[in-house]
């Protein structure tokens, strides 16, 4: 089979020939298994790294990979390849693994359905970009840092184009394109004998990032953090900035994961229908929201993306499922079967988590508290109990609605599932960091440990 020739044609024909590769693999695999799924990703990446005040590496990469799953007699096998001359070997490996694995009636492939049109996840201007353009973007970030009187320590910018194709023996044939752009910068600020550091990042599906704004934001935090004061250990209100929200609420995404629920590893496992959060708060997993960083018409199993209510008016409504956990739970998949790449099988993961509030308060309403820009050690939080003790990064003391001064060192300690009932929305812009789309939020009372 002329696999490699087909691959070359796919580059010259805008990727249309990827389907030919998938179809030929599909037909060959059907000779060895009753049920077959082909998942192909073709990616082009432009990337640049920043080390201190220089650009360390700028590169362009191309990668095409094929993931293959087969099911027969309730057994599933998987393999993958990046070598289109060795697809027959990948088929043989998948079939071998299938025969060696234990039977499980919950292995399923998706069925044909209606697929939503998802807006603003693809920017055709990507094709005009060259390595020189990402190099210039990084230079603008570096120059802005120096203009702000700070020093860059590290950073980077990545632009990527991804084409995804999936077909299976149930008749599913889907294909879509997406783009992604992300940038980050870390800086030092110095004044007399004092030094502080800060970090900022931004990401979008569209080429809308502004390097100057990213660097200016990092420098502002760093300069404002110089000469911090001590804070006494006490209970107080905490205002969480966007990066801090992403760190603290990471445990929540584990708790609503159906795989963890079914394994008894979720605090929320038996709380469907119960009030678990502020009655003024709604939380949704939305894989089709316009411009969402994790939006797509389908998940990585071919299930249509959807908007799933997780919490409504404080009541726990749903968990998130892929096809396997949905079969075990005798429910429908919520479109959350995700792969890290073609080289992995789907697992349950969130898409875009939206925090929506019916009530808003202003920062002026905070009598005494602390602004937390980011947190360190989020990975140490207990994913089952929700207990955490995290270092507050670039914290500031708030008094009578005003940010008074930077704090030298502080820890925050609490329990995620307790603070869900205390969370309120600060009247601020909505922003996506990681999986979370949210305004700034306020935790009414939490333990602050002074340093």
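Values in this text are rule-based calculations from the coordinates and carry no lab data. Worth saying up front: this structure is predicted, and the values here are computed from it rather than measured. Glycine gets a Cβ as well: all are built from the backbone with ideal geometry, and neighbour counts include every protein chain shown.
Testing the spin-label approximation: label points 7 Å from Cα along Cα→Cβ at residue 344 and residue 128. State their distance in nm.
In this crude label model, residue 344 to residue 128 measures out at 3.5 nm.
Could you line up 146, 181, 417, 157 from fewest to most neighbouring Cβ atoms inside 10 Å?
Starting with the residue having the fewest Cβ neighbours, the order is 146, 417, 181, 157.
Grab the Cα-Cα distance for residue 154 and residue 28, subtract it from 0.36 nm times how many residues apart they are, and report the gain in nm with one decimal.
This chain segment gains 40.6 nm when fully extended.
Report the far tail of the P(r) of segment 139-210, meaning the percent of Cα-Cα pairs longer than 16 Å.
62
Mind sorting 208, 389 by how few other Cβ atoms lie within 10 Å of their own Cβ, fewest first?
208, 389
Determine the equivalent ellipsoid of segment 228-451 by diagonalising the alpha-carbon gyration tensor, then write out the semi-axes as square roots of 5 times the eigenvalues, largest first, rounded to whole Å.
Those come to 32, 17, 16 Å.
Per-residue ellipticity at 222 nm for the chain, helices alone: DSSP H runs ≥ 4 residues times -39500 (n - 2.57), over residue total, nearest 500 deg cm²/dmol?
-6000 deg cm²/dmol
Rounded to a whole number of µm²/s, how large is the Stokes-Einstein D of the chain at 4 °C and 1.567 mPa s, given Rh as the Kirkwood radius over C-alpha pairs?
54
For the ranges 45-54, 305-314, 433-442, what's the packing order if you count other beta-carbon atoms within 10 Å of each residue, average per peptide, and put the highest first?
433-442, 305-314, 45-54
Taking N as the number of residues in segment 186-275, what is its Cα Rg relative to 2.2 N^0.38 Å?
With N residues counted in segment 186-275, Rg over 2.2 N^0.38 Å equals 1.60.
Any idea what angle helix 3-12 forms with the longest principal axis of the chain, computed on alpha-carbon atoms, 0 to 90 degrees, nearest 10?
The angle comes out near 50 degrees.
At 7 Å along the Cα-to-beta-carbon direction for both residue 105 and residue 421, put a label point, then send me their distance in nm to one decimal.
A separation of 4.0 nm, rounded to one decimal place.
Find the relative contact order for the chain and round it to a whole percent, using C-alpha pairs within less than 8 Å whose residues are 6+ positions apart.
15
Mind checking Rg over Rh on segment 3-204, alpha carbons, Kirkwood formula for Rh?
1.13
Can you tell me how much longer the chain between residue 272 and residue 210 gets when fully stretched, taken as 0.36 nm per residue apart minus their C-alpha distance, in nm with one decimal?
Length gained between residue 272 and residue 210: 18.1 nm.
If you stretched the chain out fully between residue 56 and residue 192, how much longer would it get, using 0.36 nm times the residue separation minus the C-alpha to C-alpha distance?
Difference between extended and current length: 46.0 nm.
Which value in nm describes the separation of the simple spin-label points at residue 384 and residue 120, placed 7 Å from the Cα toward the beta carbon?
About 4.2 nm separates the two model spin labels.
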